[in-house]
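**Q** One structure is given below, represented as C-alpha coordinates, and several questions about it will come after.
The values are calculated or read from the model by the stated rules, or taken from the named source; none is laboratory data. As the structure is a prediction and not an experimental result, all values here were calculated from the model. Note that we place each Cβ from the backbone using ideal geometry, even for glycine, and neighbour counts take in every protein chain shown. These area figures cover heavy atoms from the full protein model, side chains too; ligands, DNA and RNA do not enter into them. Shrake-Rupley method; radii C 1.70, N 1.55, O 1.52, S 1.80 Å.
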Amino acid sequence: MAQQLTSPRISISRVRIPYFSVLGVFVIIVLFSFLWRPLNLGRTTYVPLTPQAETTVLDQHLVLGGTRVDIVDDKAKSQQATESSDIPEDNIDKDELDDIIDDKDNSVQYTIVRGDTLHDVLVRYNVNRNDIYQLTTQYKQLANLRIGQQVSWTTDDDHNLQSFSWTISTNNIRFYERSGNSFVESSETTEGVSQNITVQGEIKSNFVVDARRSGLTSREINIITKALQWRLDFRKLQIGDKFIVLLSREMHGKRSVNSQLLGVRIKNGSKDYYAILADDGKYYDINGGSLSQSFLRYPLVRQSPVSSGFNPRRLNPVTGIVAPHNGVDFAVSRGTSVLSVGDGEVVMAKYSDSAGNYIAIRHGRQYMTQYMHLDKILVKPGQQVKRGDKIALSGNTGRSTGPHLHFELHINNRPVNPLTASLPISEGLTGKSKAAFIANVKDIKSQLSL
Ligand SMILES: [Zn+2]
(Lines give C-alpha, C1' and ligand atoms only; values in the text may rest on other atoms or scores of the structure.)
Protein backbone atom coordinates (compact mmCIF):
# COMPACT_ATOMS: atom_id res chain seq x y z
CA MET A 1 0.00 0.00 0.00
CA ALA A 2 2.75 2.37 1.11
CA GLN A 3 4.64 1.82 -2.11
CA GLN A 4 1.60 2.38 -4.22
CA LEU A 5 1.06 5.72 -2.51
CA THR A 6 4.63 6.98 -2.74
CA SER A 7 5.49 5.93 -6.27
CA PRO A 8 2.91 8.19 -7.96
CA ARG A 9 4.27 11.10 -5.90
CA ILE A 10 7.76 10.50 -7.19
CA SER A 11 6.58 10.42 -10.76
CA ILE A 12 4.64 13.69 -10.31
CA SER A 13 7.68 15.47 -8.95
CA ARG A 14 9.71 14.12 -11.86
CA VAL A 15 7.24 15.63 -14.26
CA ARG A 16 7.28 18.94 -12.37
CA ILE A 17 11.02 19.53 -12.55
CA PRO A 18 11.25 19.78 -16.36
CA TYR A 19 7.94 21.71 -16.42
CA PHE A 20 9.38 24.44 -14.17
CA SER A 21 12.67 24.57 -16.01
CA VAL A 22 10.80 25.07 -19.30
CA LEU A 23 8.86 27.88 -17.63
CA GLY A 24 12.13 29.36 -16.36
CA VAL A 25 13.64 29.33 -19.84
CA PHE A 26 10.50 30.99 -21.18
CA VAL A 27 10.71 33.75 -18.54
CA ILE A 28 14.36 34.33 -19.44
CA ILE A 29 13.44 34.60 -23.13
CA VAL A 30 10.72 37.13 -22.35
CA LEU A 31 13.02 39.18 -20.11
CA PHE A 32 15.77 38.99 -22.70
CA SER A 33 13.51 40.27 -25.44
CA PHE A 34 12.86 43.40 -23.35
CA LEU A 35 16.49 43.91 -22.41
CA TRP A 36 17.58 43.25 -25.97
CA ARG A 37 15.52 46.13 -27.35
CA PRO A 38 17.84 49.10 -26.70
CA LEU A 39 20.66 47.35 -28.50
CA ASN A 40 18.59 47.13 -31.64
CA LEU A 41 17.17 50.62 -31.89
CA GLY A 42 17.68 52.01 -35.30
CA ARG A 43 18.00 48.63 -36.96
CA THR A 44 15.55 47.18 -39.37
CA THR A 45 14.98 43.47 -39.49
CA TYR A 46 14.71 41.90 -42.90
CA VAL A 47 12.57 38.84 -42.84
CA PRO A 48 12.75 36.57 -45.89
CA LEU A 49 9.38 36.04 -47.46
CA THR A 50 7.86 32.81 -48.61
CA PRO A 51 6.82 33.14 -52.27
CA GLN A 52 3.15 32.25 -51.76
CA ALA A 53 2.69 34.94 -49.12
CA GLU A 54 4.51 37.63 -51.08
CA THR A 55 1.62 39.95 -51.82
CA THR A 56 0.16 40.08 -48.35
CA VAL A 57 3.28 39.87 -46.23
CA LEU A 58 4.72 42.94 -47.95
CA ASP A 59 2.50 45.10 -45.83
CA GLN A 60 3.29 43.51 -42.48
CA HIS A 61 5.10 44.78 -39.45
CA LEU A 62 6.78 42.97 -36.63
CA VAL A 63 6.85 44.23 -33.09
CA LEU A 64 10.12 43.45 -31.41
CA GLY A 65 10.57 44.60 -27.84
CA GLY A 66 7.96 47.31 -28.37
CA THR A 67 9.58 48.77 -31.48
CA ARG A 68 7.68 48.38 -34.69
CA VAL A 69 9.71 46.86 -37.46
CA ASP A 70 8.54 46.68 -41.04
CA ILE A 71 8.96 43.37 -42.76
CA VAL A 72 10.75 44.27 -45.92
CA ASP A 73 11.29 42.10 -48.95
CA ASP A 74 14.65 42.93 -50.45
CA LYS A 75 13.35 42.51 -53.99
CA ALA A 76 10.47 44.86 -53.40
CA LYS A 77 12.46 47.29 -51.25
CA SER A 78 11.99 50.25 -53.54
CA GLN A 79 8.19 50.02 -53.42
CA GLN A 80 8.19 49.31 -49.72
CA ALA A 81 9.98 52.39 -48.44
CA THR A 82 8.58 52.92 -44.97
CA GLU A 83 9.99 53.20 -41.47
CA SER A 84 10.64 51.00 -38.49
CA SER A 85 9.17 53.57 -36.15
CA ASP A 86 7.72 56.97 -36.74
CA ILE A 87 6.73 58.20 -33.32
CA PRO A 88 8.92 61.16 -32.45
CA GLU A 89 10.22 61.23 -28.89
CA ASP A 90 8.87 64.75 -28.37
CA ASN A 91 5.35 65.27 -27.19
CA ILE A 92 3.62 68.09 -28.94
CA ASP A 93 1.70 69.90 -26.25
CA LYS A 94 -2.03 70.14 -26.42
CA ASP A 95 -3.35 73.60 -27.01
CA GLU A 96 -3.81 75.20 -23.59
CA LEU A 97 -7.44 76.04 -24.33
CA ASP A 98 -8.14 72.39 -25.22
CA ASP A 99 -6.63 71.40 -21.92
CA ILE A 100 -9.08 73.56 -20.03
CA ILE A 101 -12.08 72.47 -22.11
CA ASP A 102 -11.24 68.76 -21.74
CA ASP A 103 -10.63 69.15 -18.06
CA LYS A 104 -14.05 70.49 -17.18
CA ASP A 105 -16.62 69.33 -19.70
CA ASN A 106 -19.43 69.31 -17.18
CA SER A 107 -22.47 70.00 -19.31
CA VAL A 108 -23.00 67.67 -22.22
CA GLN A 109 -25.71 67.35 -24.86
CA TYR A 110 -25.52 64.07 -26.76
CA THR A 111 -27.48 62.45 -29.58
CA ILE A 112 -27.79 58.67 -29.42
CA VAL A 113 -26.25 56.82 -32.35
CA ARG A 114 -26.36 53.16 -33.41
CA GLY A 115 -24.72 50.84 -30.93
CA ASP A 116 -24.81 53.26 -27.99
CA THR A 117 -25.79 52.18 -24.52
CA LEU A 118 -26.28 54.82 -21.86
CA HIS A 119 -23.66 53.16 -19.71
CA ASP A 120 -21.00 53.34 -22.46
CA VAL A 121 -21.84 56.93 -23.40
CA LEU A 122 -21.51 58.16 -19.81
CA VAL A 123 -18.30 56.18 -19.25
CA ARG A 124 -16.84 57.79 -22.38
CA TYR A 125 -17.53 61.20 -20.86
CA ASN A 126 -15.89 60.26 -17.55
CA VAL A 127 -19.04 60.31 -15.45
CA ASN A 128 -18.57 58.73 -12.03
CA ARG A 129 -19.20 54.99 -12.46
CA ASN A 130 -21.12 54.60 -9.21
CA ASP A 131 -23.56 57.26 -10.40
CA ILE A 132 -23.96 55.52 -13.76
CA TYR A 133 -24.68 52.25 -11.98
CA GLN A 134 -27.12 53.92 -9.60
CA LEU A 135 -29.04 55.71 -12.38
CA THR A 136 -29.28 52.76 -14.76
CA THR A 137 -30.25 50.22 -12.11
CA GLN A 138 -32.76 52.57 -10.50
CA TYR A 139 -34.43 53.39 -13.84
CA LYS A 140 -34.35 50.32 -16.07
CA GLN A 141 -36.31 52.16 -18.80
CA LEU A 142 -33.10 54.05 -19.60
CA ALA A 143 -32.03 50.91 -21.45
CA ASN A 144 -34.61 51.83 -24.11
CA LEU A 145 -32.84 54.81 -25.65
CA ARG A 146 -33.48 55.11 -29.38
CA ILE A 147 -31.17 56.27 -32.14
CA GLY A 148 -31.54 60.02 -32.67
CA GLN A 149 -32.92 60.77 -29.20
CA GLN A 150 -31.17 63.44 -27.24
CA VAL A 151 -29.82 63.11 -23.74
CA SER A 152 -28.02 65.73 -21.71
CA TRP A 153 -26.44 65.81 -18.32
CA THR A 154 -24.41 67.91 -15.94
CA THR A 155 -21.67 66.85 -13.57
CA ASP A 156 -19.77 68.64 -10.86
CA ASP A 157 -16.00 69.18 -11.11
CA ASP A 158 -15.38 65.72 -9.64
CA HIS A 159 -17.44 64.04 -12.41
CA ASN A 160 -20.36 63.25 -10.10
CA LEU A 161 -23.65 63.22 -12.03
CA GLN A 162 -25.94 66.04 -10.93
CA SER A 163 -28.81 65.86 -13.41
CA PHE A 164 -29.74 63.92 -16.49
CA SER A 165 -32.47 64.46 -19.08
CA TRP A 166 -33.85 62.21 -21.79
CA THR A 167 -35.87 63.73 -24.63
CA ILE A 168 -38.18 60.96 -25.82
CA SER A 169 -40.14 63.40 -28.01
CA THR A 170 -40.67 67.18 -28.02
CA ASN A 171 -43.44 66.92 -25.45
CA ASN A 172 -42.16 63.97 -23.47
CA ILE A 173 -39.03 64.64 -21.51
CA ARG A 174 -37.80 62.80 -18.45
CA PHE A 175 -35.60 64.42 -15.85
CA TYR A 176 -33.43 62.68 -13.27
CA GLU A 177 -32.10 64.91 -10.53
CA ARG A 178 -29.61 63.92 -7.91
CA SER A 179 -30.91 63.57 -4.38
CA GLY A 180 -28.29 62.30 -1.96
CA ASN A 181 -26.95 59.10 -3.48
CA SER A 182 -29.89 58.37 -5.75
CA PHE A 183 -31.87 60.07 -8.52
CA VAL A 184 -35.42 61.34 -8.60
CA GLU A 185 -37.41 61.09 -11.82
CA SER A 186 -39.88 63.67 -13.07
CA SER A 187 -41.38 64.27 -16.48
CA GLU A 188 -42.53 67.18 -18.57
CA THR A 189 -45.27 66.78 -21.14
CA THR A 190 -45.82 70.35 -22.24
CA GLU A 191 -44.43 71.53 -25.56
CA GLY A 192 -41.16 73.41 -25.07
CA VAL A 193 -40.99 77.15 -25.65
CA SER A 194 -37.99 78.57 -27.49
CA GLN A 195 -36.52 81.57 -25.82
CA ASN A 196 -33.62 83.69 -27.04
CA ILE A 197 -31.11 84.78 -24.47
CA THR A 198 -27.80 86.55 -24.73
CA VAL A 199 -24.74 85.86 -22.64
CA GLN A 200 -21.89 88.33 -22.59
CA GLY A 201 -18.53 88.71 -20.96
CA GLU A 202 -15.15 90.29 -20.97
CA ILE A 203 -11.69 88.73 -21.22
CA LYS A 204 -10.03 88.79 -17.82
CA SER A 205 -7.75 85.75 -18.13
CA ASN A 206 -8.51 83.67 -21.25
CA PHE A 207 -11.53 83.02 -23.43
CA VAL A 208 -12.43 79.57 -22.07
CA VAL A 209 -12.28 80.58 -18.42
CA ASP A 210 -14.14 83.85 -18.98
CA ALA A 211 -16.78 82.27 -21.23
CA ARG A 212 -17.42 79.63 -18.60
CA ARG A 213 -17.64 82.29 -15.92
CA SER A 214 -20.26 84.12 -17.99
CA GLY A 215 -22.44 81.00 -18.00
CA LEU A 216 -21.61 79.25 -21.27
CA THR A 217 -21.26 75.47 -21.24
CA SER A 218 -18.23 73.57 -22.52
CA ARG A 219 -20.27 72.49 -25.53
CA GLU A 220 -21.12 76.09 -26.39
CA ILE A 221 -17.52 77.20 -25.91
CA ASN A 222 -16.40 74.40 -28.20
CA ILE A 223 -18.83 75.48 -30.91
CA ILE A 224 -17.47 79.04 -30.77
CA THR A 225 -13.78 78.13 -30.76
CA LYS A 226 -14.33 75.71 -33.66
CA ALA A 227 -16.50 78.04 -35.72
CA LEU A 228 -14.00 80.89 -35.54
CA GLN A 229 -10.78 78.84 -35.46
CA TRP A 230 -9.57 80.02 -38.88
CA ARG A 231 -10.35 83.67 -38.29
CA LEU A 232 -9.16 84.25 -34.77
CA ASP A 233 -6.37 82.91 -32.58
CA PHE A 234 -8.20 82.72 -29.26
CA ARG A 235 -4.93 82.69 -27.35
CA LYS A 236 -4.26 86.19 -28.63
CA LEU A 237 -7.39 87.80 -27.22
CA GLN A 238 -6.46 90.71 -24.94
CA ILE A 239 -7.62 91.63 -21.46
CA GLY A 240 -10.67 93.86 -21.93
CA ASP A 241 -11.79 92.25 -25.23
CA LYS A 242 -15.51 91.45 -25.22
CA PHE A 243 -17.83 88.73 -26.44
CA ILE A 244 -21.56 88.20 -26.73
CA VAL A 245 -23.46 85.05 -27.61
CA LEU A 246 -27.06 84.60 -28.72
CA LEU A 247 -28.62 81.31 -27.63
CA SER A 248 -31.99 79.79 -28.30
CA ARG A 249 -32.98 77.69 -25.33
CA GLU A 250 -35.94 75.34 -25.35
CA MET A 251 -37.62 75.89 -22.01
CA HIS A 252 -39.85 73.29 -20.39
CA GLY A 253 -41.20 75.09 -17.39
CA LYS A 254 -38.11 76.46 -15.72
CA ARG A 255 -35.80 73.90 -17.22
CA SER A 256 -33.75 74.46 -20.34
CA VAL A 257 -33.41 71.30 -22.40
CA ASN A 258 -31.88 71.93 -25.78
CA SER A 259 -29.79 74.92 -26.49
CA GLN A 260 -28.73 76.15 -29.87
CA LEU A 261 -26.05 78.74 -30.45
CA LEU A 262 -27.48 81.19 -33.02
CA GLY A 263 -24.62 83.64 -33.22
CA VAL A 264 -21.52 84.99 -31.58
CA ARG A 265 -19.62 88.23 -31.79
CA ILE A 266 -16.10 88.66 -30.43
CA LYS A 267 -14.55 92.09 -30.27
CA ASN A 268 -10.76 91.87 -30.40
CA GLY A 269 -9.41 95.41 -30.08
CA SER A 270 -11.26 97.34 -32.75
CA LYS A 271 -11.96 94.25 -34.88
CA ASP A 272 -15.22 92.32 -34.81
CA TYR A 273 -15.53 88.61 -35.51
CA TYR A 274 -18.93 87.07 -36.13
CA ALA A 275 -20.15 83.51 -36.58
CA ILE A 276 -23.83 83.15 -37.44
CA LEU A 277 -25.78 79.89 -37.68
CA ALA A 278 -27.42 79.14 -41.06
CA ASP A 279 -30.22 76.68 -41.90
CA ASP A 280 -27.68 74.05 -42.95
CA GLY A 281 -26.41 73.87 -39.34
CA LYS A 282 -23.07 75.53 -40.18
CA TYR A 283 -21.67 78.89 -39.13
CA TYR A 284 -20.82 81.66 -41.59
CA ASP A 285 -19.56 85.22 -41.41
CA ILE A 286 -22.11 88.04 -41.64
CA ASN A 287 -21.87 88.07 -45.45
CA GLY A 288 -22.58 84.34 -45.77
CA GLY A 289 -18.91 83.65 -46.43
CA SER A 290 -17.26 80.47 -45.24
CA LEU A 291 -15.47 80.51 -41.89
CA SER A 292 -13.46 77.41 -42.65
CA GLN A 293 -10.42 76.95 -44.80
CA SER A 294 -9.86 74.10 -47.16
CA PHE A 295 -7.02 71.59 -47.08
CA LEU A 296 -4.96 69.87 -49.72
CA ARG A 297 -5.51 66.11 -49.60
CA TYR A 298 -1.82 65.38 -50.28
CA PRO A 299 1.23 67.30 -49.07
CA LEU A 300 2.72 66.87 -52.52
CA VAL A 301 2.50 68.62 -55.88
CA ARG A 302 1.16 65.44 -57.44
CA GLN A 303 -0.32 62.31 -55.97
CA SER A 304 2.28 59.60 -55.41
CA PRO A 305 1.96 55.86 -54.76
CA VAL A 306 1.22 54.87 -51.18
CA SER A 307 3.83 52.40 -49.92
CA SER A 308 2.20 51.84 -46.53
CA GLY A 309 -1.32 52.84 -45.55
CA PHE A 310 -2.88 54.19 -42.38
CA ASN A 311 -3.70 51.43 -39.92
CA PRO A 312 -4.42 52.31 -36.29
CA ARG A 313 -4.98 48.73 -35.21
CA ARG A 314 -2.41 46.75 -37.06
CA LEU A 315 -2.25 43.52 -35.08
CA ASN A 316 0.86 41.43 -35.13
CA PRO A 317 -0.18 37.78 -35.57
CA VAL A 318 2.79 36.49 -33.54
CA THR A 319 2.85 38.80 -30.54
CA GLY A 320 -0.76 39.99 -30.62
CA ILE A 321 0.44 43.53 -29.99
CA VAL A 322 -1.27 46.41 -31.73
CA ALA A 323 1.32 48.56 -33.48
CA PRO A 324 -0.38 51.47 -35.18
CA HIS A 325 0.83 53.08 -38.37
CA ASN A 326 -0.52 56.56 -37.66
CA GLY A 327 0.04 57.99 -41.10
CA VAL A 328 0.42 57.29 -44.77
CA ASP A 329 3.74 56.66 -46.52
CA PHE A 330 4.14 58.16 -49.96
CA ALA A 331 6.84 56.61 -52.13
CA VAL A 332 8.67 59.71 -53.36
CA SER A 333 12.32 60.09 -54.24
CA ARG A 334 14.68 62.13 -52.08
CA GLY A 335 14.40 65.88 -52.63
CA THR A 336 10.69 65.95 -53.57
CA SER A 337 8.92 69.17 -52.49
CA VAL A 338 6.73 68.76 -49.40
CA LEU A 339 3.82 71.20 -49.07
CA SER A 340 1.83 72.32 -46.04
CA VAL A 341 -1.72 71.01 -46.59
CA GLY A 342 -3.28 74.05 -44.93
CA ASP A 343 -2.72 77.43 -43.32
CA GLY A 344 -1.18 77.11 -39.91
CA GLU A 345 1.63 77.58 -37.47
CA VAL A 346 4.77 75.43 -37.35
CA VAL A 347 4.89 73.97 -33.83
CA MET A 348 7.83 71.59 -34.33
CA ALA A 349 10.67 71.49 -36.84
CA LYS A 350 13.63 69.40 -35.74
CA TYR A 351 15.49 66.12 -35.86
CA SER A 352 14.38 63.05 -33.94
CA ASP A 353 16.05 59.60 -33.91
CA SER A 354 12.90 57.82 -35.05
CA ALA A 355 11.12 60.36 -37.28
CA GLY A 356 14.30 61.91 -38.66
CA ASN A 357 13.87 65.52 -39.69
CA TYR A 358 10.23 66.25 -39.07
CA ILE A 359 7.71 69.08 -38.98
CA ALA A 360 4.43 69.46 -37.09
CA ILE A 361 1.97 72.17 -38.11
CA ARG A 362 -1.13 73.20 -36.17
CA HIS A 363 -4.05 74.32 -38.33
CA GLY A 364 -6.72 76.22 -36.44
CA ARG A 365 -7.80 74.51 -33.23
CA GLN A 366 -8.77 71.05 -34.39
CA TYR A 367 -6.18 69.99 -36.92
CA MET A 368 -2.52 69.10 -36.87
CA THR A 369 -0.32 67.59 -39.57
CA GLN A 370 3.12 65.96 -39.34
CA TYR A 371 5.71 65.33 -42.03
CA MET A 372 8.56 62.90 -41.32
CA HIS A 373 11.89 61.48 -42.59
CA LEU A 374 12.60 64.75 -44.40
CA ASP A 375 15.89 65.49 -46.09
CA LYS A 376 15.73 69.22 -45.48
CA ILE A 377 13.48 71.39 -43.30
CA LEU A 378 12.65 74.80 -44.80
CA VAL A 379 10.60 76.32 -41.95
CA LYS A 380 11.15 77.29 -38.31
CA PRO A 381 9.04 76.71 -35.19
CA GLY A 382 6.59 79.57 -34.70
CA GLN A 383 6.47 80.39 -38.41
CA GLN A 384 3.08 80.95 -40.07
CA VAL A 385 2.57 79.00 -43.27
CA LYS A 386 -0.08 79.05 -45.99
CA ARG A 387 -1.74 76.14 -47.74
CA GLY A 388 0.55 74.93 -50.54
CA ASP A 389 3.72 76.51 -49.10
CA LYS A 390 6.86 74.45 -49.67
CA ILE A 391 8.02 73.50 -46.18
CA ALA A 392 10.59 70.76 -46.78
CA LEU A 393 12.32 68.34 -49.13
CA SER A 394 11.48 64.67 -48.61
CA GLY A 395 14.19 62.25 -47.61
CA ASN A 396 15.22 59.11 -45.82
CA THR A 397 16.27 60.30 -42.34
CA GLY A 398 15.55 58.62 -39.00
CA ARG A 399 14.41 55.00 -38.82
CA SER A 400 13.50 54.77 -42.46
CA THR A 401 14.03 51.91 -44.89
CA GLY A 402 14.14 54.02 -48.03
CA PRO A 403 13.24 57.46 -49.37
CA HIS A 404 9.58 58.26 -48.63
CA LEU A 405 7.34 60.79 -46.94
CA HIS A 406 5.41 59.79 -43.83
CA PHE A 407 2.41 62.09 -43.44
CA GLU A 408 -0.02 62.28 -40.50
CA LEU A 409 -3.26 64.15 -39.93
CA HIS A 410 -4.62 64.58 -36.41
CA ILE A 411 -8.14 65.80 -35.74
CA ASN A 412 -8.92 66.73 -32.12
CA ASN A 413 -5.58 65.24 -31.06
CA ARG A 414 -6.25 61.83 -32.65
CA PRO A 415 -4.52 60.48 -35.76
CA VAL A 416 -6.95 59.80 -38.63
CA ASN A 417 -6.53 58.46 -42.15
CA PRO A 418 -5.50 61.53 -44.16
CA LEU A 419 -6.70 59.96 -47.41
CA THR A 420 -10.29 59.50 -46.26
CA ALA A 421 -10.85 61.93 -43.35
CA SER A 422 -13.54 64.50 -43.91
CA LEU A 423 -11.86 67.87 -44.21
CA PRO A 424 -13.48 71.29 -44.03
CA ILE A 425 -14.61 72.69 -47.34
CA SER A 426 -14.54 76.44 -47.67
CA GLU A 427 -17.71 77.22 -49.57
CA GLY A 428 -19.84 80.21 -48.77
CA LEU A 429 -23.60 80.36 -49.14
CA THR A 430 -25.07 81.20 -52.55
CA GLY A 431 -28.45 81.93 -54.17
CA LYS A 432 -31.63 81.56 -52.13
CA SER A 433 -29.95 80.23 -49.01
CA LYS A 434 -27.63 83.23 -48.99
CA ALA A 435 -30.54 85.68 -49.34
CA ALA A 436 -32.39 83.99 -46.46
CA PHE A 437 -29.24 84.02 -44.37
CA ILE A 438 -28.53 87.73 -44.95
CA ALA A 439 -32.11 88.58 -43.96
CA ASN A 440 -31.68 86.60 -40.75
CA VAL A 441 -28.27 88.17 -39.98
CA LYS A 442 -29.87 91.60 -39.57
CA ASP A 443 -32.11 90.29 -36.82
CA ILE A 444 -29.35 88.36 -35.05
CA LYS A 445 -26.80 91.17 -35.34
CA SER A 446 -29.17 93.59 -33.67
CA GLN A 447 -29.21 91.25 -30.65
CA LEU A 448 -25.42 91.11 -30.51
CA SER A 449 -24.66 94.68 -29.56
CA LEU A 450 -21.78 95.25 -27.18
ZN1 LIG B 1 4.99 55.67 -42.15
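**Q** Tell me which residues, restricted to segment 345-369, are open to solvent by less than 10 Å² (accessible area, probe 1.4 Å) and assigned to a strand (DSSP E or B).
**A** Selection gives Val346, Ser352, Gly356, Tyr358, Ile359, Ala360, Ile361, His363, Thr369.
**Q** Okay, next question. Restricting the first residue to segment 216-228 and requiring it to be within 12 Å of Val245 (Cα to Cα), which pairs with a second residue that is open to solvent by 30 Å² or more (accessible area, probe 1.4 Å) and not hydroxyl-bearing (Ser, Thr, Tyr) meet a Cβ separation below 7 Å and a spacing of at least six or different chains?
**A** That search, which allows pairs on different chains as well, returns Ile221/Arg212.
**Q** Consider Ser186 against the criteria (1) outside any strand (DSSP E or B); (2) at pLDDT 90 or above: it satisfies all of them except one. Which criterion is unmet?
**A** The single condition Ser186 does not satisfy is (1).
**Q** Tell me which of these Val379 doesn't satisfy, since it passes every other one: (1) within 16 Å of the ligand (Cβ to nearest atom); (2) open to solvent by 10 Å² or more (accessible area, probe 1.4 Å); (3) at pLDDT 95 or above.
**A** (1)
**Q** I need the strands (runs of 3 or more DSSP E) fully contained in segment 390-450, keeping only those with at least 2 residues that are among the polar types (S, T, N, Q) and surrounded by fewer than 18 Cβ atoms within 10 Å (Cβ to Cβ).
**A** Fully inside segment 390-450 and qualifying: nothing.
**Q** Is segment 214-237 home to any residue that is at pLDDT 90 or above and open to solvent by 70 Å² or more (accessible area, probe 1.4 Å)?
**A** no
**Q** Any chance you could count how many residues in segment 321-351 are more than 12 Å from the ligand (Cβ to nearest atom) and touching a residue at least 24 places away in the same chain (Cβ under 8 Å)?
**A** 21
**Q** With the structure loaded, tell me whether Arg314 is surrounded by 15 or more Cβ atoms within 10 Å (Cβ to Cβ) and modelled with pLDDT under 90 or whether it fails that test.
**A** For Arg314, the condition - surrounded by 15 or more Cβ atoms within 10 Å (Cβ to Cβ) and modelled with pLDDT under 90 - is met.
**Q** Criterion first (within 13 Å of the ligand (Cβ to nearest atom), open to solvent by 30 Å² or more (accessible area, probe 1.4 Å) and in contact with a strand residue (DSSP E or B) (Cβ under 9 Å, 6 or more places away or on another chain)) does Pro305 satisfy it?
**A** So Pro305 does not fit the description; no.
**Q** Another question about this same structure. Kindly indicate whether Leu261 is crowded, with 20+ Cβ neighbours inside 10 Å and either in contact with an Asp or Glu (Cβ under 6 Å, 6 or more places away or on another chain) or free of Cβ contacts under 8 Å to residues at least 12 places away in the same chain (or both).
**A** Here the answer is yes, as Leu261 does meet what is asked.
**Q** Hey, another quick one. Output the number of residues of segment 333-344 satisfying the condition of being surrounded by fewer than 23 Cβ atoms within 10 Å (Cβ to Cβ) and among the hydrophobic types (A, V, I, L, M, F, W, C).
**A** Number satisfying all stated conditions: 1.
**Q** Then there's this: So, restricting to strands (runs of 3 or more DSSP E) that lie completely within segment 230-302, which ones have at least 3 residues that are closer than 20 Å to Glu220 by Cβ and of a type in the set (Lys, Arg)?
**A** Qualifying strands (runs of 3 or more DSSP E): 255-268.
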